[in-house]
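What follows is calculated from the coordinates using simple rules that are stated; it is not laboratory data. Computed from a predicted structure; not experimentally measured. Positions of Cβ are generated from backbone atoms using ideal geometry, with glycine treated the same way; all protein chains shown enter the neighbour counts.
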Amino acid sequence: MTQPVTAPVVPAVSSHQAVTSQELKLKGFKAYEVDTALNPSLSYRRRDFYKVALVTSHCTVHYADRSIELNGTCLMFANPHIPYSIELHDPRLQGYSCLFTEAYMRENDRSESLQQSPLFKVGGTPIFHLSAEQVAYARGIFQKILAEQGTDYLYKGDLIRTYLQLLIHEALRMQPTESFVQHKNASSRITSLFLELLERLFPVESPDQVMPLKTAHDFADQLGVHINHLNRAVKEVTGKPTTAHIAERVVGEAKALLHHTSWSTAEIAYSLGFEYPTYFNIFFKKHTGTTPQAFRRDT
């Protein structure tokens, strides 16, 4: 029996290998060997890191409206902007994984953003089935990364960065897997990923933090699906339009910021993606029946 997981997955590791956000922020990378059963009740958590993984277990990776079956050893690339889930067909998920930040990879390099790379961009195909020779090569690279991160070598960060670049270049030389299948629960999954992306935008913690996704088109582009497909799926599953979900969440955040912060209404407007405070005022009154200033005064 398969074990479906409905959240973007960074496989669990043993306690002595636990991956923490603080550790990743300090070092910029963390590698570990994966050998774990996936937890079907795993809840969604924010992911701020890129990942390269060598997956040796039989599983299916589900994106918004497409799925890719991994049967045999595969090299997989993931970024924090594209949610996915894993359906495991083996008892355990096994392989290797390395998490890293974009700042770490670009520390001594002025190359283009990782988001523009064919391996990480929206709509790309980040999974590669490997030959026996490629498996041996990739496994050797991961083992070198694991060995190096435990040393006191002064320049190990540079060396591990080089190892990661070798994996990236090896993948760029290969043809990606194109064996997509349509999943019978695509509408439910698209809706779930849309709601996860929407929730990921909050809370807004600084006036300088501007919402990167503002419209239904923005969310559709992020998920790699057509806007009409997204709208149909969300309406079918929830009974409400995509725009209604976005508006409700923005209104809820606006109320929280008006009530709990001393930010000006202009700062709140900009942080929530409104080009002008006037647009925010009109939007807020349309959905609440009162102005932002009046709401703040009365709460």
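Using alpha carbons only, how many angstrom separate the centre of segment 250-287 from the centre of segment 213-246?
22 Å
Once you order the gyration tensor axes a ≥ b ≥ c over the Cα atoms, which shape class does segment 186-298 get: rounded for a/c under 1.5, otherwise prolate or oblate by comparing a/b with b/c?
Here segment 186-298 falls in the prolate category.
Excluding VAL234 itself, what net charge comes from residues whose Cβ is under 12 Å from its Cβ, given Lys and Arg +1 and Asp and Glu -1?
+3
Taking the Cβ of THR265 as the centre, find all other residues whose Cβ is under 13 Å away and add up their charges (Lys, Arg: +1; Asp, Glu: -1).
Spelling it out: positives minus negatives among the neighbours equals +3.
Can you work out the Karplus-derived ³J(HN,Hα) for every residue in segment 196-206? Use 6.51 cos²θ - 1.76 cosθ + 1.60 with θ = phi - 60°, whole Hz, and x for glycine or proline.
5, 4, 4, 5, 4, 6, 10, x, 7, 10, 8
Based on the Cβ-Cβ distance of ALA103 and ALA266, what FRET efficiency does E = 1/(1 + (r/R0)^6) give at R0 = 25 Å, to the nearest 0.05?
Taking R0 as 25 Å, the efficiency between ALA103 and ALA266 is 0.25.
What's the local net charge at GLN134, with K and R +1, D and E -1, over the other residues with C-beta under 12 Å away?
Counting the neighbours of GLN134, the net charge comes to 0.
Using the basic label-point model (7 angstrom from Cα toward the beta carbon), what is the LYS285 to ASP152 distance in nanometres?
6.8 nm
Order 83-96, 126-139 from most to least packed using the mean count of other Cβ atoms within 10 Å.
Packing order, densest peptide first, comes out as 83-96, 126-139.
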